[in-house]
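Below is one structure; the comments refer to it alone.
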Amino acid sequence: MTRQSLMLIAAAGSVALLLGAYFFQALGWAPCTMCLWQRWPHGAAIIIGAIAVFVPLKILALLGTAAAATTAGLGAFHSGVELKWWDGPATCTNSDAGLSGLDAADLLPGGGDNSGLVLCDTLTPFFLGLTMANWNFLLSAGLALIWLAAAFRRA
């Protein structure tokens with residue numbers, strides 16, 4: 001496979017993951033703050049892949065690797081937050097500091113200004129016992145490896 005084809009495969013993987021995230025959001029799986037963070041690097045990888053159609057340079061493959069590794073890292077961090085291995089951002093976890101100032105009505109559907117609040121530390125298995133953050137970590141790590149292979153492939 002050529003560098004360009006590997007880069008396009010990796011970028012297509014980010015397209016698929018991003019479309020999947022929006023599809024499940026449309027089905028009612030509301031994303032938390034950390035879920036949204038994980039989408040941005042996929043967007044960057046897609047843009048890098050689009051540029052690679054015209055100029056499949058090694059530096060673009062390295063940037064794609066960085067983008068995929070970033071979203072994989074965010075997915076790993078989010079997975080740890082879900083499992084309570086470490087604390088997540090106070091603004092989207094079930095810590096006293098993050099929810100201070102909210103009353104019970106704020107946490108009920110349709111209540112207060114925070115009706116769309118989704119906690120980042122809620123463990124919600126999605127498929128095969130893994131959460132969306134787990135899947136993003138695993139699949140994005142695979143995409144990072146494809147981008148890395150492209151970087152070291154001859155043009």
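The values are calculated or read from the model by the stated rules, or taken from the named source; none is laboratory data. Please read these numbers as outputs of a predicted model, since none were measured by experiment. Cβ: placed from backbone, ideal geometry, glycine included. Neighbour counts: every protein chain shown.
Condition (residue is exposed (fewer than 14 other Cβ atoms within 10 Å of the Cβ) and of a type outside the set (Val, Ile, Thr)) applied to region 63-76: is it met by at least one residue? The answer is no; no qualifying residue exists. Screening 143, 148 for residues that are closer than 21 Å to residue 19 by Cα and modelled with pLDDT of 90 or more leaves exactly one candidate, 143. Quick check on residue 122: is it part of a loop (DSSP other than H, G, I, E, B), at pLDDT 80 or above and touching a Leu at 6+ places or on another chain (Cβ under 8 Å)? Answer is no for this residue.
Considering region 24-51, the residues that are assigned to a helix (DSSP H, G or I) and over 14 Å from the mean Cα position of the chain (by Cα) include one that is farthest from residue 94 (Cα to Cα), namely 51. The residue pairs whose first member lies in region 141-155 and is farther than 10 Å from residue 62 by Cβ and in contact (Cβ under 8 Å) with a residue 12 or more places away in the chain, whose second member is of a type in the set (Ser, Thr, Tyr) and crowded, with 22+ Cβ neighbours inside 10 Å, and whose beta carbons are closer than 8 Å, counting only pairs six or more residues apart or on different chains, are 143/14; 144/65. The requirement of being at pLDDT 95 or above and over 30 Å from residue 4 (Cα atoms) is fulfilled nowhere in region 63-76; no residue meets it. Are any residues in region 6-55 in contact with a Lys or Arg (Cβ under 9 Å, 6 or more places away or on another chain) and not aliphatic (A, V, I, L, M), and if so, which ones? Result: 22, 31.
Filtering region 1-22 to residues that are surrounded by 21 or more Cβ atoms within 10 Å (Cβ to Cβ) and either within 11 Å of residue 45 (Cα to Cα) or over 12 Å from the mean Cα position of the chain (by Cα) (or both) leaves 6, 7, 10, 11, 13, 14. Take residue 29 and tell me if it is modelled with pLDDT under 95 and either of a type outside the set (Gly, Ala, Ser) or closer than 30 Å to residue 155 by Cα (or both). Taking the combined requirement at face value, the residue satisfies it. Considering only residues in region 39-57 that are crowded, with 20+ Cβ neighbours inside 10 Å and farther than 16 Å from residue 16 by Cβ, the one that is modelled with the lowest pLDDT turns out to be 56. Across region 12-22, not a single residue is classified as out of contact with any Pro (no Cβ under 9 Å at 6 or more places or on another chain), assigned to a loop (DSSP other than H, G, I, E, B) and closer than 18 Å to residue 124 by Cα.
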